[in-house]
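The values are calculated or read from the model by the stated rules, or taken from the named source; none is laboratory data. Note that the structure is predicted; figures quoted are calculated from it, not measured. Neighbour counts run over all protein chains shown; Cβ positions are idealised from the backbone, glycine included.
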Amino acid sequence: MKTMGYLWKRGEGKFALLVLGLWFAVSAVSIFWTPYPLAESDGFNTWAQPSLAHPMGTDGTGRDMLSWLMAGSGTELQIVIATCALTALIGILFISFTLVRSAVASEVAVVVTDTLLSIPIVLIALILAVPLGASMWVVILSCAISYGLNLARIAKPQAALAANSRYVEAALASGSSRPRALVRHVFPNLIPVFSVQLSLCAGTAILAEAGLTYLGIGVPSGTASWGSSLSSAARFISIFPLTVLWPGLLITVVVVALNLFGDVLRRAVDPVVNVALREREVRRGL
């Protein structure tokens, strides 16, 4: 609760919480209700301007843009949650391997990671699209592989510093196993790094979904997503610019909110930056 209070006191934190809260609420509502059924289209009312009947207009098939963007918010949320979960898992497993195994194995793992990081996300997605076809799992897996390795590379120095600290040595000397010491004493020190990197991962996953869907290897046609709405209207941007404005604006606002949320959360859980948290930890130690 104190962390939430810290977030709410900051202007950027308040903006991020409001935007993300609205996103989650719309995603939940869209499961049960949208202004129009997604399958409903009006061929005589295509590319309609915003009106009371259609607040965001209609697309090229006469489907209500608001309904599809509301349903797409749930798809984006699924992609973000799955991508962040897999990214964190890959990062934790890689860090654990490099800290528990020998120095040679650690160096080999670092070289392999740097090699894999040189492969673009688009190429990974193209490789995965061969067996999986166009699906949101192509987006999730390609982003998780790339960002998980990047997360491990960024967090590894801090993890190694914590693993070689005196309190970890004391825990090992008292009979604690090395994996247990990692879970209890090392990984909590990585929360600030993970919070920032996972928020960036979440924002980039939304951008990747839009880009990969535009290339035809992301979310399949017929599935509501912000990327599919953007890609279907991009060809007519010079004629019907509003149909591109709405999904583009949603993607921009949510990505900015995710990035701000990660930055403020890092400051909230970092005792070096958060004075109140540092004082509380000192009092607890006394």
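Laid out as a table, the results:
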read-out: Members of the range 88-129 found to be hydrophobic (A, V, I, L, M, F, W, C), closer than 21 Å to residue 162 by Cα and modelled with pLDDT of 75 or more, listed by number; value: 88, 89, 90, 92, 93, 94, 95, 97, 99
read-out: Condition met for residue 238 (in contact (Cβ under 8 Å) with a residue 12 or more places away in the chain and either in contact with a Leu (Cβ under 9 Å, 6 or more places away or on another chain) or outside any helix (DSSP H, G or I) (or both)); value: no
read-out: Test: residue in the range 90-110 that is part of a helix (DSSP H, G or I) and under 30 Å from residue 243 (Cα atoms); value: no
read-out: Selection from the range 171-189 of residues that are surrounded by 19 or more Cβ atoms within 10 Å (Cβ to Cβ) and touching a residue at least 60 places away in the same chain (Cβ under 8 Å); value: 182, 186
read-out: Failed item, numbered, when residue 17 is tested on (1) in contact (Cβ under 8 Å) with a residue 60 or more places away in the chain; (2) more than 30 Å from residue 199 (Cβ to Cβ); value: (2)
read-out: Selection status of residue 157, buried (at least 21 other Cβ atoms within 10 Å of the Cβ), farther than 17 Å from residue 83 by Cβ and not small (Gly, Ala, Ser); value: no
read-out: Single residue of the range 205-250 satisfying the filter (β-branched (Val, Ile, Thr) and surrounded by fewer than 21 Cβ atoms within 10 Å (Cβ to Cβ)) that is nearest to residue 90 (Cα to Cα); value: 223
